[in-house]
Every structure is written in C-alpha cells, then in structure tokens.
Amino acid sequence: MLELTIHILAQLPRSERIENQLELARWSSGNALLIGAAATTICLFLIVRMYRREGRGRLTARARGGLIAIRAAVLMMLGLIGLEPVLVKYIHRRLDAVTLVLSDHSASMAIADRYRDDEDTKRMRRAGIDPEPGNVSRAEVIDSLLNVGDTSLLRSLAMRNAVRRIDFARKPIGREFIPRKNESESTSPIARSGIESAELSPADTDVTDLSAAVRGALDGLGSVPASAVVLLSDGNINHGESLETIARILKLRGVPLYAVGIGDPSPPVNVAVREIAAPRHAFKNDPFNITVRLDAEGLADQPVNVQLWEQAGTASPRLLATRSVRPSGRGVVDPVTFEHKASSPGALGFVARVDPIDHESITTDNSRALTPPVQILDDKVRVLLIAGAPSYDYRFLARMLERDPGIEVSLWLQSADANAVREGDVVITSLPSNQEDLFKYDALILMDADPAEFDPTWASLVASFVSEHGGGLLIEAGNKYTGRFLRSPRTTSLVELLPIVPDPDAEIVLNDLGQVQTRAWPITIPEQAAFDPILRLAGSPIENRSLWSKLDGVYWHFPVRREKPVASVLMRHSDPRMVGASGPQVLFATQFVGAGRAAWLGINSTWRWRQADEAPFNRFWIQTIRYLVEGRLAGGRSRGQILTERDEFEVGQSISLTLRALDARFSPIIAPDLEVRLEEPASDDGANQPTSAENSVAKGPARTIQAVPIPGRDGYFQARFTADRPGTYRVAFTSPGMDGAAPSSVIAREIPVVRPDLEMRGTAMNRAALEQLAAATGGRYLHVDEARQLPELIPDAGRTQVTRERPRPLWDNGTVFAILLVLLSAEWILRRQARLL
C-alpha cells in the first residue's frame with residue numbers, strides 16, 4: 001500500500017512558491033516584545049543622559065555624540081542577539097486531489113441487458129450507447145462511458161482533479177492514473193498514467209466486494225486528498241461489509257460517493273437449473289430417480305423445456321428425455337423428476353439443461369452437472385429379514401425380495417420349529433450372532449420380532465453394525481411381540497436407535513381402541529415429506545400425493561409418544577383421537593444413526609396396498625431398502641470412509657474431512673496421525689462454468705496433509721484444507737493391513753468444487769442500494785445518461801501544503817561578533833582619547 005501511495009504522489013503535478021521570512025526566535029510574543037522595547041528605550045535614555053552630564057576629561061560635542069551612538073549601537077546589537085533573529089524559508093506546494101473511479105467488473109457485468117422499459121432504452125441512447133437486445137454488456141457500457149471519444153468521462157473528470165481508475169470484483173485492481181489537466185501537464189493516460197498491467201482473473205469475478213475496493217482505494221492514497229468516489233456498478237453488492245459500513249468509512253474521510261447505475265433495473269427474465277439430485281448409489285437394472293429443480297423469474301406462463309443428458313465415462317453425452325413444464329400462478333416451477341435405469345456398472349454422470357427462453361439475458365446458468373456422479377453397482381444388496389410370526393407383510397415382502405435380482409435375502413422366521421425348511425436366497429440355519437456373520441448383510445428388517453431370542457450382546461452388535469459400520473435397521477410393529485420388544489432390557493440397544501420415543505402406555509391405548517378396527521383411517525403424509533425418495537410413487541408431487549390418497553388406510557398401528565428431534569416423519573395418523581402434544585401419531589419415521597440409518601414402521605398392513613396393484617407395495621419396500629443400505633454403500637463395506645459436510649463446495653471454502661480408518665479385521669486404527677494425499681485440479685478449467693464442477697478426476701499438483709485423531713472416537717481422524725480453485729479434488733489415505741497378513745486398502749473420494757453463483761442470483765440493477773449509499777455519503781445517484789454531469793458536480797478538492805524548512809540564525813555567526821568587537825574597541829579608543837580612562 002505504501003508503494004501505491006508513493007506512486008500516486010510521484011505522478012501528481014505540483015506548483016511551488018518559495019517565501020523567505022525574518023522571524024524572532026525569542027521574546028517575539030506581544031508582551032515580551034513590549035517589555036523589551038521599553039527596557040531598550042530606558043537604557044538609551046540613560047546612555048544619552050550619562051554622556052551629556054559627563055564632566056571628566058576633554059569631551060567635545062562631537063566626541064560626546066560619537067560615544068552615545070557607539071554605546072546605543074552596542075545596546076541594540078545585544079538586544080537583537082537576545083531576540084535571536086532567524087531567516088525561515090516557506091515552500092508552498094499545491095497537491096492535487098484524486099477522484100477515485102471504481103468500475104465494477106464482477107461476473108454479472110458480463111450480462112448483455114435487453115432494456116425492456118422504453119425509458120431505460122432512451123437513457124442508453126442519450127448516453128451514446130446502442131441498447132439493442134444483447135448488443136452490449138454492462139462492462140462494455142462502463143468502458144464506453146469512461147474511455148470513448150474526447151469527451152470521455154475520465155478526461156472530463158481530470159479537468160479539476162487527478163483521476164485514479166480501479167476495477168474491482170472480489171478484490172480491487174488499479175488500472176490507470178490521469179493527472180489533473182493544466183497548461184503544462186498532459187492528460188494523456190499513455191503519457192503520465194502509470195497503468196498497471198494486472199487484470200482480474202475469472203476466479204476473482206465470482207463476487208462483488210465494494211468494501212475491499214473502497215478501503216483499498218482510500219488507503220492507497222495515503223495523505224493525498226480524495227475529491228470523490230465515482231462508482232459504476234449494477235449495485236448488486238454480495239460480499240464483504242454492508243453498505244452502511246461503507247458509507248460510514250466514506251463519511252469519516254469526508255468523501256462523497258456518486259453512483260452511476262449500470263444495467264437494466266427491470267426484473268430479469270431468467271430460468272436457471274439450481275439443483276440436480278440423484279442417489280449416490282444405484283444398482284444395475286434397478287430404476288432410480290433424477291430430480292431437477294429450477295429457479296425462474298419473469299417467465300409468466302412460458303413453457304420451459306428441461307433436458308436430461310447422460311454422460312458415461314468418455315462417451316459422448318446422450319439425451320435421455322425432455323420434459324416441458326410451466327410455472328405456477330406464483331411463478332414457481334415444480335421439480336422435474338426423471339426415472340432412469342442403468343444397464344452397466346460404473347460412474348454415471350448426468351447433466352440437466354433448459355432451452356433459452358425469449359428475452360433471457362443469462363444463459364450460463366441454464367445447465368448443471370450432477371456432482372458426484374451416480375455409482376452403478378453390480379453386486380447385490382444383502383438383507384436379513386427376521387419375523388416373529390408369518391404375517392401377511394412378512395409373506396409378501398419375503399416373496400418379493402426373493403424374486404428381485406438385485407437383492408440377496410436371508411429369512412429367519414422365529415415361530416418356525418427346529419426342523420422347518422428355511423427359505424431365502426441364502427439359507428441360514430441359525431440366527432447370525434457374531435460380527436463375521438452379521439456384518440455380511442447391508443440391512444436388517446425386524447417384523448414384530450420376539451425379543452426372547454435376542455440377548456443384550458446381539459443387540460449391541462446390531463447397534464455397532466448400524467452406527468459404526470453404516471448398516472440399516474427397520475423395525476415394523478405388530479400386535480404380538482412389539483410391546484415386549486420395546487420394553488425388554490435385551491433389546492434396549494436397538495430401541496435407542498429408533499427415530500421414535502416409545503410410549504409406556506401404548507398397550508393401554510390399544511386396549512381402549514380395541515385390537516380389531518373396522519374403519520381404515522387415511523395415511524397423512526406431511527408436506528415436507530410429500531416427495532421424499534422413499535414415498536415417491538410418481539414423477540410429480542401432485543400425482544404422487546394423489547396415488548397415496550388412493551391406497552388403503554390404517555386399521556391398526558402401534559402408538560408411540562413422539563418422534564425424536566432429528567427424525568424425519570414420513571407418515572402420520574389421521575384419526576383425531578391419535579393427536580398428542582407433539583401432533584398426530586407417527587406411523588413411519590427415519591433418522592441417521594452415526595454412519596447408518598434406522599427406521600420405524602408402526603403399521604403391519606402394507607400388504608393391503610397390493611389389492612389394486614402390487615406396484616405401490618413393491619416400490620415402497622424397494623425404496624425403503626435403498627434408503628437403509630445407503631450407509632453401507634457409501635463405505636460401510638470398506639475399511640474406511642472419507643466424510644464431508646456436503647457433496648459439493650465452493651471456491652474459497654474450508655473443507656473439513658472426517659476419516660474413518662479400520663484394519664483388516666474392521667477394528668479401529670489407533671495412530672498419532674494419518675497421512676492424506678490431496679490431488680488438486682490440474683488447472684482452472686472450470687473458470688467459465690460457475691455452476692458445475694469438473695467431470696474429470698484431479699490430475700494436478702499433489703501434496704500430503706496430516707489428519708489428527710478425534711478425541712473419544714477411536715479410528716476417526718480429521719483434516720482440513722481450503723479449495724482455492726474450481727474442479728474435482730481427490731483425497732485418499734491408506735488403511736494398513738494386519739502385520740502383513742492382509743493387504744493395505746486405499747480409501748479415496750472425489751470432492752467437486754464449483755464457483756459461487758452469487759452473481760447470477762439477483763441480476764437486476766439494484767438502484768435502491770446505489771441511491772442509499774450515495775445519499776448516506778452526501779453524494780448523488782445518476783442514471784447512465786447523467787454521468788456526463790459528474791465533472792460539474794465534483795469540485796476541485798486540491799489543497800496547498802506549506803513546508804517550513806529549518807530556520808537559519810542571523811546572530812550566531814562571526815560577523816555579528818566582529819561588529820560587536822569593532823564597536824566596543826571604537827568606544828574604548830574614544831574614551832581613551834578623551835581621558836575618560
């Protein structure tokens with residue numbers, strides 16, 4: 001900053017005037033000077049009187065006058081020496097003030113506005129700019145105002161003050177300096193500009209930080225006065241300090257801000273792909289949904305065509321489907337859901353695109369890639385189904401799972417006798433009771449299970465399977481064993497995993513209601529769960545809700561007290577008698593439990609949904625199992641995991657990694673630290689893709705970061721790094737084997753990092769913000785055609801600096817001493833000749 005200050009001072013033209021003044025260093029104040037003058041006068045009077053009355057010797061009138069003159073001269077010399085006269089040089093320099101021109105060059109300034117309002121179009125023409133739709137961007141409007149022609153704004157502003165132009169977005173970059181115009185100085189930016197060659201990189205245009213530009217510009221001036229700040233911007237300040245803080249900074253410096261609004265203030269016409277969502281994992285030949293969410297502004301009832309493209313590896317993108325949607329009466333576009341089925345395993349990417357619409361100014365947000373891609377798995381989901389008795393739900397679910405090619409099910413019917421023939425894809429002859437046997441499965445489903453067959457050790461093993469190893473657990477209630485199951489000390493560890501709080505009076509409530517109900521109460525699906533992946537039976541929320549309303553209702557349920565705070569309630573009871581302090585009774589709820597997931601199903605009549613069509617029953621259970629096994633697919637089967645707060649991050653964010661490291665026996669690794677290899681994106685290729693990340697894996701610079709243990713969590717480590725560029729980062733660590741008996745396992749994850757899209761979320765020119773800022777600093781807001789008035793509005797704020805050089809004493813020298821010596825010697829000679837000595 002000091003270099004910038006010196007640089008500006010060196011370029012500012014100065015006019016100097018030198019003034020020499022005689023000053024008295026001592027006794028120069030009014031009273032002291034009067035006293036000194038009075039004392040001198042008295043002394044002179046006494047000298048004259050003394051020599052006139054002198055009767056000794058032979059004094060002639062001439063000699064007497066000479067002695068009086070000499071004695072008076074000595075007295076005057078001593079008096080002047082006492083006053084210490086000095087000669088002081090004053091240098092008067094005129095220091096020109098600087099007008100700071102802040103030019104917004106953030107990403108939103110690349111928009112070519114269409115100026116739908118006639119008055120805005122006329123203003124552009126009066127400013128000498130062609131306003132034809134899409135013809136000129138906001139940045140080009142600024143450049144036209146500042147630099148085009150002999151009457152350019154920069155040249156005009158330099159008539160009274162020097163001008164410093166600064167481009168800014170995330171940070172300020174100095175562009176050029178123009179001295180104040182006078183007779184001897186040229187205003188040519190080439191001749192005296194000190195232009196800086198630095199440019200704003202695409203990585204620096206993702207936000208608009210006016211506070212950094214204002215602070216940097218003012219601090220860079222140092223002692224140079226600022227006449228005003230001229231801001232050319234669309235007013236969409238989305239980063240840094242608030243407008244109130246910026247105004248306070250300028251007011252403290254006494255600098256007014258003049259704002260020139262750039263861009264179309266009318267609400268934009270725009271449709272943007274804000275999100276594309278799909279499951280992290282899916283199985284080959286198993287259908288899954290891809291949901292596209294759109295943001296729309298100013299569409300009225302225009303239809304929007306949404307395309308879904310598939311990107312498999314290095315193959316060319318393939319168009320899967322196109323849907324046409326219209327905004328609702330409130331301008332909201334409902335999510336668009338596509339169903340897809342993959343025929344081969346591997347990573348499968350998707351891109352959602354919308355066709356540009358009439359009068360749309362922004363098309364860079366019309367597409368978005370899915371990050372991370374869906375991993376299509378070729379292996380089967382392994383499910384253990386345990387039931388206390390052969391209920392209808394058990395029978396239909398068991399048959400469906402046995403038929404499903406993507407699921408490998410083992411069945412354990414507790415009520416079967418010892419010699420019964422066991423069923424399932426993988427037949428078991430006993431209940432899995434150790435870690436090796438139990439951890440082969442991905443999910444456990446307990447249907448009205450009898451707690452008598454379980455012991456606390458088995459329940460604790462299941463709890464570890466869910467919370468530590470990402471397994472899934474669903475407990476379905478029944479009217480035979482569930483009451484005992486929820487109360488039994490054998491199953492306490494399992495009940496603690498559930499997303500509900502059991503009601504100790506549940507069986508009393510059931511007795512009051514009666515075990516046999518003749519009326520079916522409709523299932524109520526909460527608004528926030530209307531399009532949950534588990535409950536998705538159709539492509540749109542409206543159609544989905546309609547299908548659920550047609551399914552058979554609830555005859556029997558097991559009452560609970562309430563859901564837990566972190567649970568997601570997907571179904572509630574509609575019976576008004578089943579309303580408690582927390583709302584209607586919970587029928588179906590889910591929640592995350594550590595690395596795994598747990599669910600509670602309080603009804604045992606899902607088989608009734610098959611009466612008209614088996615599809616709702618099948619789809620509900622398949623989607624529920626998908627939910628339960630997600631934790632295992634995300635890493636529960638491997639010897640480690642890399643977890644992040646979310647799937648996608650923005651440039652500049654600090655990314656926290658939670659690593660779980662297990663040895664070959666799936667026991668936690670205890671170590672003082674863990675080395676993590678971080679591979680950064682090869683280059684800033686994502687610069688022009690603000691809403692999507694790189695599709696390729698990082699191949700750029702690699703470095704090692706250290707992960708430290710998390711206290712109290714064996715096998716868990718934590719590391720952190722900052723993403724400073726867009727693209728796909730790859731992090732990996734090695735989970736070692738056991739004494740060479742098992743090979744090491746490399747755990748890796750790709751983390752997509754994208755540019756923030758703040759610049760495209762509100763693109764209309766924010767006139768109100770610019771007016772507020774200008775008024776708060778004593779400045780003014782101007783339309784684009786009024787910008788030429790700025791040179792008349794900003795006065796000459798230059799000031800004169802007076803420098804006082806070191807005083808030069810006039811009495812402390814040999815000449816003064818010689819004069820005194822001559823005078824005293826002359827007096828002595830005269831007195832000697834007159835015989836007065």
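The values are calculated or read from the model by the stated rules, or taken from the named source; none is laboratory data. Values in this document were obtained by computation on a predicted structure and should not be read as measured data. Methodologically, a virtual Cβ is constructed for each residue, glycine included, from the backbone with ideal geometry; neighbour enumeration extends over all protein chains shown. Just so you know, the surface numbers come from the protein's heavy atoms only, side chains and all, with ligands and any DNA or RNA stripped out. Shrake-Rupley method; radii C 1.70, N 1.55, O 1.52, S 1.80 Å.
Of the residues in region 53-67, how many are surrounded by 12 or more Cβ atoms within 10 Å (Cβ to Cβ) and touching a Lys or Arg at 6+ places or on another chain (Cβ under 8 Å)? Write out each step before concluding.
We begin by selecting, within region 53-67, every residue surrounded by 12 or more Cβ atoms within 10 Å (Cβ to Cβ); these are 54, 57, 59, 63-67.
After this cut, where a residue has to be touching a Lys or Arg at 6+ places or on another chain (Cβ under 8 Å) as well, the list is 54, 57, 64, 67.
Going through region 53-67 one residue at a time, the tally reaches 4.
Go over the candidates Val332, Val325 one by one and state the one that is among the β-branched types (Val, Ile, Thr), closer than 29 Å to Ala110 by Cβ and loosely packed, with under 14 Cβ neighbours inside 10 Å.
Result of the check over Val332, Val325: Val332.
For region 598-619, state whether one or more residues are part of a helix (DSSP H, G or I) and on the phi > 0 side of the Ramachandran plot.
So far as region 598-619 goes, no, none of its residues is part of a helix (DSSP H, G or I) and on the phi > 0 side of the Ramachandran plot.
Looking only at region 262-276, filter to residues that are out of contact with any helix residue (DSSP H, G or I) (no Cβ under 9 Å at 6 or more places or on another chain) and open to solvent by 30 Å² or more (accessible area, probe 1.4 Å); which one of those is farthest from Tyr781 (Cα to Cα)?
Across region 262-276, the extreme among qualifying residues is Glu275.
Please enumerate the residues belonging to region 668-692 that are modelled with pLDDT of 80 or more and of a type in the set (Gly, Ala, Ser). Even if it seems obvious, please write down each step before you answer.
First pass over region 668-692, keeping only residues modelled with pLDDT of 80 or more: 668-681.
Ala671 - this is the single residue of region 668-692 that is modelled with pLDDT of 80 or more and of a type in the set (Gly, Ala, Ser).
Condition check ((1) of a type in the set (A, V, I, L, M); (2) modelled with pLDDT of 80 or more) across all residues:
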position	(1), (2)
Ile655	yes, yes
Glu694	no, no
Arg703	no, yes
Ala719	yes, yes
Ser745	no, no
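Ala247 passes all but one of (1) in a helix (DSSP H, G or I); (2) open to solvent by 20 Å² or more (accessible area, probe 1.4 Å); which number fails?
Against the list (1) in a helix (DSSP H, G or I); (2) open to solvent by 20 Å² or more (accessible area, probe 1.4 Å), Ala247 comes up short only on (2).
Each row is one residue, and each column tells you yes or no for (1) assigned by the TED database to the domain that holds Gly346; (2) open to solvent by 70 Å² or more (accessible area, probe 1.4 Å); (3) touching an Asp or Glu at 6+ places or on another chain (Cβ under 8 Å).
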residue: Ile386; (1), (2), (3): no, no, no
residue: Arg399; (1), (2), (3): no, yes, no
residue: Ile407; (1), (2), (3): no, no, yes
residue: Ala416; (1), (2), (3): no, no, no
residue: Ala420; (1), (2), (3): no, no, no
residue: Glu423; (1), (2), (3): no, yes, yes
residue: Glu436; (1), (2), (3): no, yes, no
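Which helices (runs of 4 or more DSSP H) does region 118-202 wholly contain that include 2 or more residues that are modelled with pLDDT of 70 or more, out of contact with any strand residue (DSSP E or B) (no Cβ under 7 Å at 6 or more places or on another chain) and open to solvent by 30 Å² or more (accessible area, probe 1.4 Å)?
Values: elements: 118-126, 138-147, 153-157, 189-192.
In region 118-202, the matching helices (runs of 4 or more DSSP H) lie at 118-126, 138-147, 153-157.
Anything in region 242-270 that is in contact with a His (Cβ under 9 Å, 6 or more places away or on another chain) and at pLDDT 90 or above? List them, or say none.
Val260, Gly261
Residues of region 573-625 being aromatic (Phe, Trp, Tyr), under 42 Å from the mean Cα position of the chain (by Cα) and open to solvent by 50 Å² or more (accessible area, probe 1.4 Å), which ones? Reasoning before the result, please.
The initial filter retains those residues of region 573-625 that are aromatic (Phe, Trp, Tyr), namely 588, 592, 600, 607, 609, 617, 620-621.
Retained after the next criterion (residues that are under 42 Å from the mean Cα position of the chain (by Cα)): 588, 592, 600, 620-621.
If the condition is that a residue be aromatic (Phe, Trp, Tyr), under 42 Å from the mean Cα position of the chain (by Cα) and open to solvent by 50 Å² or more (accessible area, probe 1.4 Å), then Phe592 is the only one that fits.
Would you confirm, using the coordinates I've provided, whether Leu570 is under 18 Å from Phe617 (Cβ atoms) and either open to solvent by 10 Å² or more (accessible area, probe 1.4 Å) or of a type in the set (S, T, N, Q) (or both)? Talk me through it step by step, then tell me what you get.
Numbers: under 18 Å from Phe617 (Cβ atoms): yes; either open to solvent by 10 Å² or more (accessible area, probe 1.4 Å) or of a type in the set (S, T, N, Q) (or both): no.
No: the conditions fail for Leu570.
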